[in-house]
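Trainee: Could you have a look at this structure, given as structure tokens, before my questions?
No value in this document is a laboratory result; all are computed from the given coordinates. Just so it is clear, the model here is predicted, and its values are computed rather than measured. Every residue, glycine as well, gets a Cβ built from its backbone with ideal geometry; the counts of neighbours run over all protein chains shown.
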Amino acid sequence: MSAWTITNLTYVVLVIVTAIPLLLAIVRRVPLHPGGASFEESTTFSEEGKVRLRQHYSRMAGTLGFWKKQAAIYRRLHYYTLCWTIPSSVAIPFLIQAITIDPASRWLATIVSGFTAVLLAFHRALKVDANYKAFRQGESDFYDTYRRLLDRPASFGKTEAEQIDAYFDAVENLRKYIRNAEIDNLPSVEQVKEQLQTEKILRTPRE
């Protein structure tokens with residue numbers, strides 16, 4: 001087994017191993033951590049108001065879990081892409097110059113350049129940056145609104161009914177905003193193909 005073959009195998013193994021955090025983010029369930037006292041401990045709201053708020057939060061739990069999980073996935077995908085594309089982009093010209101008669105040397109240059117092109121194409125087509133910001137911002141804005149109702153309920157209205165209704169409206173508008181951002185950031189098959197062609201994924205390195 002030549003040194004080039006060993007390098008190929010090492011590269012592939014590292015690509016797989018470093019993808020484990022990303023895969024875990026995809027398959028694992030993300031727990032929610034609101035932190036601090038909740039509506040149950042609030043002395044501001046009546047028992048009826050607390051029931052409405054608890055029920056509302058229980059209905060939001062699934063959405064919050066989805067936002068948090070998506071933010072974690074896109075965050076790890078972003079850093080995974082950066083960690084591989086930056087050094088690979090620097091190394092590719094040197095790898096092309098180092099190609100020998102050993103076929104494994106050409107394969108290494110092809111694998112590195114191809115994998116880099118795939119990562120860049122999907123990073124752009126999937127709009128990783130925009131999706132991470134949207135889901136992270138949605139989660140953060142919800143908990144800011146949640147805490148404001150607990151700490152400064154008067155900022156939502158004068159009576160308890162007004163405060164709770166205004167809170168529900170704020171959360172509903174936030175959900176609409178994140179849903180629209182998610183839809184706008186969905187890539188099409190044509191966009192992915194265009195990105196792959198732009199990155200010239202099928203082109204083999206020239207000597």
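Trainee: Could you pull out every whole DSSP H run in the chain that spans at least 24 Å of Cα extent along its own axis and averages 0.0 or higher on the Kyte-Doolittle scale?
Mentor: 103-125
Trainee: Under unit Cβ charges (Lys, Arg +1; Asp, Glu -1), what dipole magnitude, rounded to 20 debye, does the stretch 3-198 have relative to its Cα centre?
Mentor: It works out to roughly 400 debye.
Trainee: Choose one of 10, 164, 137: the residue whose Cα lies farthest towards the positive end of the charge dipole of the chain (beta-carbon charges +1 Lys, Arg; -1 Asp, Glu; about the Cα centre).
Mentor: It is 10.
Trainee: Calculate, in nm to one decimal, what residue 56 and residue 11 gain on full extension: separation in residues at 0.36 nm each, minus their alpha carbon distance.
Mentor: 11.3 nm is the gain from fully extending residue 56 to residue 11.
Trainee: I've got another one for you. Stretched out fully, how many nm does the piece from residue 44 to residue 90 gain, at 0.36 nm a residue minus the Cα gap?
Mentor: Fully extending the segment from residue 44 to residue 90 adds 10.6 nm.
Trainee: Taking only pairs that are 8 or more places apart or on different chains, how many Lys pairs in the chain have Cα atoms under 16 angstrom apart?
Mentor: Value for the chain: 4.
Trainee: Using a/c under 1.5 as the rounded threshold, could you call the stretch 1-86 rounded, prolate or oblate? The axes a ≥ b ≥ c are square roots of the C-alpha gyration tensor eigenvalues, and prolate needs a/b larger than b/c, oblate otherwise.
Mentor: Here the stretch 1-86 falls in the prolate category.
Trainee: For the chain, what percent of Cα pairs sit more than 26 Å apart?
Mentor: 52
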